[in-house]
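Okay, structure first, notes after.
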Amino acid sequence: MHPFRGNEKNCCWSGLGAEAGFFFTALLSDRRMDPVSQKTPLSSTIETALAGFVTFNDFVELRFPFVFDPRCCVGASDGVEFDGIVSLSTEKTFDVDLKKLASLVPDLRLCAEVTFQPDGSVITDDLKTPFESIESHLGSMAVKIYPRGNSRLGLDPYVSAKINPSKISYGFNAFSDIHTLGQALPVAMSAFVRGCPDLAALVDVAGCQVMRVDSTSGVHCATVADVSALLKRISHVQIGHVHAAGSMGAYAEREQKILAKSGDTVYVNPRSEHQRGAAYPKGPEAREEGKRLTQELRRDPGNAALAARVEALSDPDYQAYCEKLLRLEARTLRRGLVGQLERLGITDWDGTAVDLIRCERQLADAGTSFVHSLWAHVWRPVLTALWGDPSMSLANETELEQKITTYYEENAVGRARSMGTRRALTHLRAIIDRGWTAAKLSPPASQATWYRTIGELVDAGISLADLQACDGTAESRLAAGVVVSLRSVLEVQAVSSAPAWFKPADLSRWLDDQYLLSVPHRHRRAVGDGLVDCIGSDDGLCGPVDQRPDTDAEIFAFLDRSAGHGLGSHAGRFPPEVDWDLIVVQSEVADLRVPAVPRHPQLRLV
């Protein structure tokens, strides 16, 4: 208690009589009166539990920028139309002509699925699902070409690739020993070069950018019912800025489409541009995947890669392991990667895969696992909400009342024991009878008392997720009695080591430096562990280089060569004089984005 609070309260009691004054003075004499003033912190306990999880990389998305090549690249399109508004882009420098690109890349597809065979060969087919909707269940590699880049963002053409390093290495992803980006990113880069060698020769492989990283772990429960019970609790979690999809009224309407397609999956912060979470039972997903791949194998019996994956997924030990596994995935987008690195003290990441590996090694030298930190940042609040006393159950109110009374007797003195117990039971009864949402909107006391009491109930051993799961019905109370507390689950069943059936794969197939070095792309190639090596010298480059003109003489020659090739309305000659002041005035009226100076002699201005 604050040393000056006594005088303030004594003034408030003045005029109430000697009896009241004597009673209040007696209360002030006991400095330990303040009820539950020392709450037991969960942070150290939660951090210990999080450290027990083994995480691995489950999915990466890379962006490979095209290098300007006069054989397939043309001047950037000047007019950019978006929602009926035409603007001029100053950031883009070129586009890719797909007809010319097709002459350099045999069997060119804008969206392709690349399957890797055990003998090293690849099978390329059209992508059967939208590229943007592909998640970590991908068992091959998905590639999409953006020939015009992104005009609104000023991005030059690029190739986007989604790869699951675990699945292309093992055929499954229930567990993996690819624990670092120093393993995952070179595997992904190597897979792109091997799967699309002609396309890789036209892009900057060593300068590819990381757009998304998935880190994964899970909880191996005692029974399948425990998996469903924990998943049900996660679906109601609201703690700080973290919430499960559909659990908060402010976001529920916008998340209905996500909920309609989620099935057994519970998404956490599903619309975040930084980090998202996904929790789902692995058993049904593994069974569905095995069934789907078996059907595909019947249609294509000669596909050795499908046969190997079906064999791996059909292993009885693997299936038994997946049945009781609750999967916890953390999906970190580019903004989330930047934010996590800044939280860890690194602010000089340039966005590339090679430099991200450098940052990861720098953190590893300081004792921090970057992949694990990405996963922990997403699931720390959720696991905190699920934490609780294994013996606490909302279904047995008599035993619950006894334990709450015992808690206040141990943590408070004087009248605070009875007052705190009465207040806690009143709030608990309101939550059970009316539901969490209704009780929070109209609490038995003030909002400040509400949050204080909820904190004390959590300290007493009732998990926040159990309280939030109450919706005022008898079914929710009975379901609460089925829940196995996450504390007991994590202490003995967190995924902390490789299962007995797991056999590490030989990753050297994907880290073969010689193969990467043999692919011509300028004079830089990505090698084994994510470093960059040089081939030859600048005098004899082994691939196309940026040959755009720099001097006036070169510009004249370039325009002469460009005449008749459709590079612009003024091909073969300089553009006419332009009244830039007039264009600026017109742009303000039409809400156009106009360059301050011409960026290129081929800019079509009129």
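Read-outs throughout are calculated quantities, based only on the coordinates presented, and are distinct from any laboratory measurement. This one's a predicted model, so the numbers in the text were calculated from it and none came from an experiment. Every residue, glycine as well, gets a Cβ built from its backbone with ideal geometry; the counts of neighbours run over all protein chains shown.
Some observations on this one:
- Per-peptide average of other Cβ atoms within 10 Å, ordering 181-188, 144-151 highest first: 181-188, 144-151
- Phi angles of the range 109-123 translate, via the Karplus equation with coefficients 6.51, -1.76, 1.60 and θ = phi - 60°, into HN-Hα couplings of 10, 5, 10, 9, 10, 10, 10, 9, 8, x, 7, x, 7, 10, 10 Hz per residue; Gly and Pro are given as x.
- 5 angstrom amide H check on residue 172, placed H, neighbours 5+ away: none
- Over 18 Å apart at the Cα level, from the set 232/282; 144/167; 282/324; 167/503; 232/291, are 144/167; 232/291.
- Note that the range 62-68 has calculated 3J(HN,Hα) couplings of 10, 10, 9, x, 5, 9, 4 Hz, one per residue in order, obtained from phi through the Karplus relation 6.51 cos²θ - 1.76 cosθ + 1.60 (θ = phi - 60°); glycine and proline are x.
- Taking 0.36 nm per residue of separation and subtracting the current Cα-Cα distance, fully stretching the chain between residue 343 and residue 459 would add 38.9 nm.
- Here residue 403 and residue 433 are evaluated by their C-beta separation; at R0 = 22 Å the FRET efficiency comes out at 0.65.
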